[in-house]
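Input: a single structure, listed below in structure tokens.
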Amino acid sequence: MARKIFSCLFAVIFVPVFIAFLFAVNFKSSFFNANYYKKSFEKSNIYSLVTEKGIPAVVKSSLKGGAESMIGPLTQDEFAKTFKDTIPPQWLKTQFEKTVDAVFAYIAGKSSSINVNISAAELKTAYGSNLTKAINEKLAAKPECGSAQIKKYVSGGMRQLPQDCKISEEYVNKGINEVLFGSQGSLKNVQDQYDLGAALSKSPSPMQSLKNFYGVFNVVYLALLISSILLLIFIMLLNIKYVPGMLKWISIPTLIASVIVLIIALFIKVIIVNIILGGLALNLSPDFKGAVTDLIKTIVSNSFNNLGIYCGIILLLSMVLLVVAVIFGKKFPPKTQTAAKN
């Protein structure tokens, strides 16, 4: 009788502990895994969407704020395209993955600081080339500028390109160089190397808080792992004299825990996604807002889908163990039952 009481007690304790452990395993393998974010971002096609939708939207928004004089003869769409062509999806992907690796190396204690630098030198050069090319192509069909127009352009520091006539590519190149990199150039103060790690590590740093949380989480994770193992060992030791019974005591609480987590993974994920989206103020264009929303849904949903897979496998193994226990229990009943029949 005492054996059954303790077996029931340990089994009841095991169910919530194992449920918490399954969530911890999933949390560790997804939200604290750099590769998980890399795959989620790539799967959502976010890099192409940023280039195609996000960058043009930001550029056009800035032009509405009074920067129209920067674009010379180009329309807003043509000007936005020069930015889009400057920042390809592969460049965004490389920078993001490099940053994610550095951040998670710091959080996990593998690095004492976040070491990540973003190179802007190539982008600055590429942007100047793209802008110059776009303007030269736009002016190619225009009539040649007269001497008075050229003089006005040069006397103005070559900062305002003529819009109704064509000047030589040499003047265009000098003008773009002055607008971008001159004494008052828009890119003059943009560094060739941007230390993103230093920006992320500024005090008070959310990264330090995340690192501390990860340390506490690992302690909880190990505690749940050890507790789950110890509880299973106690259950096994209490029922080790009768193997079919031992298998039942192991499989039934494991099966119950898996079913509970599976239900949560399948149905609660929608609620969590809505809570996250509801807490975010996404002041973005409709297309790009949809892309960011899809990305968040992908990250959260994939995590719960993985949890569902884990639980499905555990559920299947538990059912197999239970079936084996029932079959062997019928073939080899406990000695007390055999003695009672005799």
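Derivation of every value follows stated rules applied to the coordinates shown; laboratory data play no part. Predicted, not measured: the structure shown is a model, and the values here were computed from it. When we count neighbours, we look across all protein chains shown, and the Cβ atoms used for this are built from the backbone with ideal geometry, even at glycine.
Backbone geometry of region 9-24 corresponds, through the Karplus equation with coefficients 6.51, -1.76 and 1.60 at θ = phi - 60°, to 3J(HN,Hα) couplings of 4, 5, 5, 5, 5, 4, 4, x, 5, 5, 4, 4, 5, 4, 5, 5 Hz, x marking Gly and Pro.
Computed from the C-beta positions of Leu225 and Glu78, the FRET efficiency with R₀ = 41 Å rounds to 0.10. The stretch between Lys142 and Ile271, if pulled fully straight at 0.36 nm per residue, gains 40.6 nm over its current Cα-Cα span.
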